[in-house]
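Novice: Questions regarding the structure given below will be posed in turn.
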Amino acid sequence: MDNLEIFDTTLRDGEQSPGFSMNKEEKLRLARQIEELGADIIEAGFPIASPGDLEATRVVAAEIKHARVAALARARQEDVDAALRGLEPAAKPRLHVFLATSDLHLKYKLRINREQALEQIAKMVRFGRQHCEEVEFSAEDASRTDIDYLCQIVLAAVESGATIINLPDTVGYSTPDDYAEMFRKVRARLGANPQVVLSAHCHDDLGLALANSLAAIDAGVRQIECTINGIGERAGNASLEELVVALHVRNNRYPVATRIKLEKLYPSSRLLSTITGISVPPNKAVVGANAFAHEAGIHQDGVLKHAGTYEIMTPESVGWAKNSLVLGKHSGVPARRLVLGKHSGRNAFRSRLGELGFETTDAELAECYRLAILRADQEKEITDRDLITIIHQVRRNRAPVPAGSGSAKTVS
C-alpha cells in the first residue's frame, strides 16, 4: 500500500479566509496539534505577507521537529528570501514556490508572457534549491492552464531542482475526471523523473474539493494539500478530516495510507474553532454536531439495534467523546445523539427514559410518547428536562390525558 502524504495548510491558506487570522501564539498552539495529528508537512505561513507572518513562521519552524515545515513564496526574489528566513530554525524545511500559469492569470494578473513565466519559475526554483534541500513548486490555476504549456512548466521546475510538483485547482473549477486526466498527462511527460511527487490542492467553489482530491489519488498523486475543517479562501479547501476518513472507510477502494491519527480529528477541529471563534456547521461531515445525530424514528431504531445500520464509522474512531446514547441538547457534548423530536420513534424514547433511570410500562411509554410528540410540534426538540417532566406528569395522573386536551403544551 502506498503512503499518501498530508500537507496541512491550515496555518497558511486556511488563515487567509475571512475571520480565521491567527497570531503567532495561536499558530504555534495549532501547529503543535497538527503535528500530533500526524500531518507530514505543516505550511506555517507566507512570510513576505507581513513581519508578523514571518515571525510566526519562524516560531513554528523552531518548535516543530517531526513534521516538515513549509513556507510559501511567489517566484520572486524578495518572497523567496523572506521564506528562507522564516525557515532558518526548521529541522526539516521545505521551500514552497508558486507562480500562476494559466493564460488568464498571466495576462491580467501578472502581465507577463509564457516565456517570462518559464524563466521566472526556473530561476527562483534553482535559487531556492541552492539554499533549501527540499523545494516544492506550485503552478497556480493549473486546472485552467493549457496542458502542453503546463507540462513545459513542470519539466522546467523539475530540471531546476523541484522534487514536489503541486497542480492546484485554485478556483475550484475542475471536475474529478478532468483533474485526474491532467495529472495523468503530466506524469506521462515526467516519465524520466519517477521520483517526483505529484501533489493536489483543491478548492471547494463547486463543492468538489474532496471528490477532486480523491480523483487525483486515483491518478497517482501521493500528496494532498488540505485544511482542518476545510477552511481557506472563498469556499475553502479540501477538508483534512473528510479526506482521511474517506480513505479509511473506503480503504478497499483507495490503496493508500496516511499517518493521520483519526482519534485526533475531532479535538483538532475543536481547537481550531476555539482559536478562531468560528464553529463548524452542524451538518459538517465527521466533526459537525449532527455527524452522529439521528432524529428519524426508523434511523433511531436501526442505530439502537446495530450502529452500522446508519453509521459508516464510529464516533470514537474520529475522536468524539466516549460513545453514549445522548438525547437532548442539554446533555453535554455528544458522541452519538438520538435527538428526540417529532420524527422520533417509541424505541428512542424508551431508551432515553431508561438511561435517565425510568423503566416504563407499555402504557406509560405510549402516553409519554404522545405528550412528547405534541410538545415537539411546538418546541422542535425534547430535552432531558422535558422528558423528566412528562414522565412525572404521566405517573401523577395515571389516567391517560384526553387526546387534544393540549395539556402537553402547558407542561414546564
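The values are calculated or read from the model by the stated rules, or taken from the named source; none is laboratory data. Fair warning: this is a prediction, and the values are worked out from it, not measured in the lab. All Cβ positions, glycine included, derive from the backbone under ideal geometry; neighbour counts span all protein chains shown. All accessible areas refer to the heavy atoms of the entire protein, side chains included, with ligands and DNA or RNA removed. Shrake-Rupley method; radii C 1.70, N 1.55, O 1.52, S 1.80 Å.
Novice: Rounding to the nearest 10 and keeping the result within 0 to 90°, find how far the Cα-based axis of helix 51-63 lies from the longest principal axis of the chain.
Specialist: 80 degrees
Novice: Where the convex hull is taken over the Cα atoms of region 63-221, what is its projected area averaged over directions, in nm²? Walk me through the numbers on the way to the answer.
Specialist: Working: hull surface 36.8 nm².
So the Cα hull casts an average projection of 9.2 nm².
Novice: Ordering R58, R68, R259 by how much accessible area each has at a 1.4 Å probe, largest first, what is the list? Don't jump to the answer; show the numbers that get you there.
Specialist: Working: R58 75, R68 50, R259 120 Å².
Highest to lowest solvent-accessible surface, that is R259, R58, R68.
Novice: Probe radius 1.4 Å, ligands and nucleic acids ignored: give me the carbon and sulfur share of the accessible area of region 269-326 as a rounded percent.
Specialist: That share works out to 58 percent.
Novice: Additional query: Send over the per residue convex hull volume for region 67-137, Cα only, as a whole number of Å³. If you can, show how the numbers build up before the last one.
Specialist: Numbers: hull volume 5.4 nm³, N = 71.
Value for region 67-137: 75 Å³ per residue.
Novice: Under 10 Å, Cα contacts only: if you run a Gaussian network model on the chain, which one of L374, L150, L37 comes out with the highest mean-square fluctuation?
Specialist: L374
Novice: In what sequence, highest mean first, do 265-272, 280-287, 185-192 appear when ranked by Cβ atoms within 10 angstrom? Kindly include the intermediate steps, with their values, before the conclusion.
Specialist: On the way: 265-272: 21.9, 280-287: 17.5, 185-192: 14.2.
Highest mean packing first, the order is 265-272, 280-287, 185-192.
Novice: Charges on Cβ only, +1 for Lys and Arg, -1 for Asp and Glu, centred on the Cα centroid of the chain; of F98, I231, Q120, which one is farthest towards the dipole's positive end?
Specialist: Of F98, I231, Q120, it is I231.
Novice: Based on Cα coordinates alone, diagonalise the gyration tensor for region 162-311, multiply each eigenvalue by 5, take square roots, and list the semi-axes in whole Å, largest first. Intermediate results must be reported in sequence, preceding the final value.
Specialist: Numbers: eigenvalues 195, 66, 40 Å².
The equivalent ellipsoid of region 162-311 has semi-axes of 31, 18, 14 Å.
Novice: Between A291, A200, A238, which gets the highest mean-square fluctuation from a Gaussian network model of the chain, Cα cutoff 10 Å?
Specialist: It is A291.
Novice: I've got another one for you. Taking the Cα centre as origin and putting +1 on Lys and Arg beta-carbons and -1 on Asp and Glu beta-carbons, what dipole magnitude results for the chain, to the nearest 20 debye? Don't jump to the answer; show the numbers that get you there.
Specialist: Details: 51 positive and 55 negative charges, 219 e Å.
About 1060 debye.
Novice: Let's see if you can work this out: charge +1 on each Lys and Arg Cβ, -1 on each Asp and Glu Cβ, no other charges. What is the dipole magnitude of region 79-226 about its Cα centre, in debye to the nearest 20? Kindly include the intermediate steps, with their values, before the conclusion.
Specialist: Details: 16 positive and 22 negative charges, 76 e Å.
So the dipole magnitude of region 79-226 works out to roughly 360 debye.
Novice: Moving on to the next point. Note the full-extension length gain between N251 and A321 as 0.36 nm times their separation in residues minus their Cα-Cα distance, in nm to one decimal. List each step's numbers first, then the result.
Specialist: Values: separation 70, 0.36 × 70 = 25.20 nm, distance 2.46 nm.
Length gained between N251 and A321: 22.7 nm.
Novice: Show the residues, 5+ positions off or on another chain, whose built amide H is closer than 5 Å to the amide H of G172.
Specialist: Distant-sequence amide H within range of G172: H203, D205.
Novice: Also: Within the chain, which is the longest segment containing none of the GluC sites (Glu not before Pro) that sit in a DSSP loop and have at most 14 other Cβ atoms within 10 Å? Kindly include the intermediate steps, with their values, before the conclusion.
Specialist: Details: sites that count: E133, E359.
The segment 134-358 is the longest one with no such site.
Novice: Round to the nearest 10 and give me the degree value, 0 to 90, for the angle of helix 265-276's Cα axis relative to the longest principal axis of the chain.
Specialist: The answer is roughly 80 degrees.
Novice: Turning to a different aspect of this structure: Determine the per residue accessible area of the chain with all protein chains present and a 1.4 angstrom probe, expressed in square angstrom.
Specialist: On the way: 17920 Å² over 412 residues.
I get 44 Å² per residue for the chain.
Novice: Could you give the angle, 0 to 90 degrees to the nearest 10, between helix 24-37's Cα long axis and the longest principal axis of the Cα atoms of the chain?
Specialist: 80 degrees
Novice: Additional query: Assigning unit charges at the beta carbon (Lys, Arg +1; Asp, Glu -1) and nothing else, what dipole magnitude in debye, to the nearest 20, does region 50-128 show about its Cα centre? Mind dumping the intermediate values first?
Specialist: Numbers: 14 positive and 10 negative charges, 47 e Å.
In debye, rounded to 20, region 50-128 gives about 220.
Novice: If you don't mind, another one. Take the alpha carbon atoms of region 364-390, find their center, do the same for region 283-305, and report the distance between the two centers in whole angstrom.
Specialist: Between the Cα centres of region 364-390 and region 283-305 lies a distance of 19 Å.
Novice: Over region 19-94, calculate the relative contact order: mean separation of alpha carbon pairs under 8 Å at least 6 apart, over the residue count, as a percent. Don't skip to the end; give the middle numbers.
Specialist: On the way: 141 pairs, mean separation 23.6, N = 76.
Answer for region 19-94 is 31 percent.
Novice: Take the Cα radius of gyration of the chain and divide it by 2.2 N^0.38 Å, with N its residue count; two decimals is plenty. Please report the intermediate quantities before stating the final value.
Specialist: Details: Rg = 26.2 Å, N = 412, 2.2 N^0.38 = 21.7 Å.
Relative to the rule-of-thumb radius for its length, the chain sits at 1.21.
Novice: If you rank F46, F137 by how much accessible surface each has, with a 1.4 Å probe, what is the order from largest down? If you can, show how the numbers build up before the last one.
Specialist: Details: F46 40, F137 0 Å².
If we order F46, F137 from most to least accessible, we get F46, F137.
Novice: Report, to the nearest whole %, how much of the accessible area of region 49-177 belongs to carbon and sulfur atoms, 1.4 Å probe, protein only. List each step's numbers first, then the result.
Specialist: On the way: 2690 of 5470 Å².
Solvent-exposed carbon and sulfur of region 49-177 make up 49 percent of the total.
Novice: Here is a further query. Carbon-plus-sulfur fraction of the accessible area of region 334-394, 1.4 Å probe, in percent?
Specialist: Working: 1260 of 2630 Å².
Accessible surface attributable to carbon and sulfur in region 334-394 totals 48 percent.
Novice: Hey, what's the Cα Rg ratio for region 1-88 versus the globular rule of thumb, 2.2 N^0.38 Å?
Specialist: Values: Rg = 12.5 Å, N = 88, 2.2 N^0.38 = 12.1 Å.
Normalised by 2.2 N^0.38 Å, the Cα Rg of region 1-88 equals 1.03.
Novice: Given a Förster radius of 25 Å and the C-beta distance between R76 and L104 as r, what FRET efficiency does 1/(1 + (r/R0)^6) yield to the nearest 0.05? Walk me through the numbers before you get to the answer.
Specialist: On the way: r = 20 Å, r/R0 = 0.79.
Result of the calculation: an efficiency of 0.80.
Novice: As I understand it, the dipole of the chain uses +1 on the Cβ of Lys and Arg and -1 on the Cβ of Asp and Glu, about the Cα centre. Which of G288, L84, V394 lies farthest toward its positive end?
Specialist: The Cα lying farthest towards the positive end belongs to V394.
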